[in-house]
1. In what sequence, largest accessible area first, do THR19, THR31 appear using a 1.4 Å probe?
2. What's the longest uninterrupted piece of the chain once you rule out the trypsin sites (Lys or Arg not before Pro) that are loop residues per DSSP with at most 16 other Cβ within 10 Å?
3. Rg and Dmax of the stretch 53-201 over Cα atoms: what are they, in angstrom?
4. Treating the angle as unsigned and between 0 and 90°, give the value, to the nearest 10°, between the Cα long axis of helix 132-141 and the longest Cα principal axis of the chain.
5. At what distance in angstrom do the alpha carbon centres of the stretch 255-282 and the stretch 15-32 lie from each other?
6. Could you derive backbone 3J(HN,Hα) for the stretch 36-51 from the dihedral phi with the Karplus parameters 6.51, -1.76 and 1.60 (θ = phi - 60°), listing whole Hz in sequence and x where the residue is Gly or Pro?
7. Quick one: Cα centre-to-centre distance for the stretch 98-161 and the stretch 47-88, in angstrom?
8. Report Rg/Rh for the stretch 57-132, rounded to two decimals, where Rg is the Cα radius of gyration and Rh the Kirkwood radius.
Amino acid sequence: MPKRRRPTRINNIVVVSDTHCGCRLGLCPPTGVRLDDGGRYMPSRLQRVVWQWWIEFWEKWVPVVTRGEPYAVVVNGDVIEGVHHRATSQISQNLEDQCEIAREVLEPIVERCHGHFYMVRGTPAHVGEQGVHEERLAKQLGAVPNEEGQHARYELWQTFGRGRLAHFNHHIGTTSSSQHETSAVNGELVHAFVEAGRWGHTPPDVVVRSHRHRCSEIRIPSQHGYSISFVTPAWQLKTPFAYRVAGCRQTTPQIGGSLIRQGDEELHTRHWVRDIGRSQAA
């Protein structure tokens, strides 16, 4: 892809994750997708609902909360569904089909952020060992590479605003206990403080994780106002696996994305989250 000119200063970072393209419960364009053998998959009713939310998120919410200013985009892992755990919920088990769906979904987003596009590697079961499929896709999309030349990286340290620092990684611990849902979220922030203090590094102002498909946030007072840790929502509907897991069986999917913004004075975070609702009562 052609190189795009990147603005010198960015005050806004938009974060999405867990699109799981290639799954019949993942993000899919409403016109359907062409498969390698010439067939075509058409999305379900709920997939079309989620796609409308995807459009609303990018075309209505993001321009308002960024105040029309330039922004960076971070895709924080699990872009495709992959072939895993004997699952049969894929649109296609051909990973080229899955990557083509993801490319079609993300290419317009790359255009919106004028080259400030970053990808973080997700779960090997979904995106391949060492994130091989995400790396190939990130290179096609023109994601900004790290110092090792990886276009999809394991972690991202991103500066923004007035010397602010955010750390992105896909994975975080999970729990089946709702009352302890933020324990690992807080733990990620505390761990960041410990490691920074131990080695004399600058601690992050914001720690961002994904993987859980559930949005939550903690913030604590710090030198520059607040230090924040949050987990992003996802763009995948409830899978058969979720119905078997304690703590997930009764929950409904949390669909959406997040914003980190350097305001006029303080650091802000906002989350756009939609609930797909319960199944109808019999």
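The values are calculated or read from the model by the stated rules, or taken from the named source; none is laboratory data. Quantities reported herein were computed from a predicted structural model and do not represent experimental measurements. FYI the Cβ positions are ideal-geometry reconstructions off the backbone, even for glycines, and counts take in every protein chain you see. Accessible surface is based on the protein model in full, side chains and every heavy atom, while ligands, DNA and RNA are left aside. Shrake-Rupley method; radii C 1.70, N 1.55, O 1.52, S 1.80 Å.
1. THR31, THR19
2. 163-248
3. 17.1, 48
4. Compared with the principal axis, the helix lies near 80 degrees.
5. Here the answer is 18 Å between Cα centres.
6. Per-residue couplings from phi come out as 4, 8, x, x, 9, 9, 10, x, 6, 4, 5, 5, 5, 4, 5, 5 Hz.
7. Answer, in whole Å: 13.
8. Radius of gyration over Kirkwood radius for the stretch 57-132 works out to 1.05.
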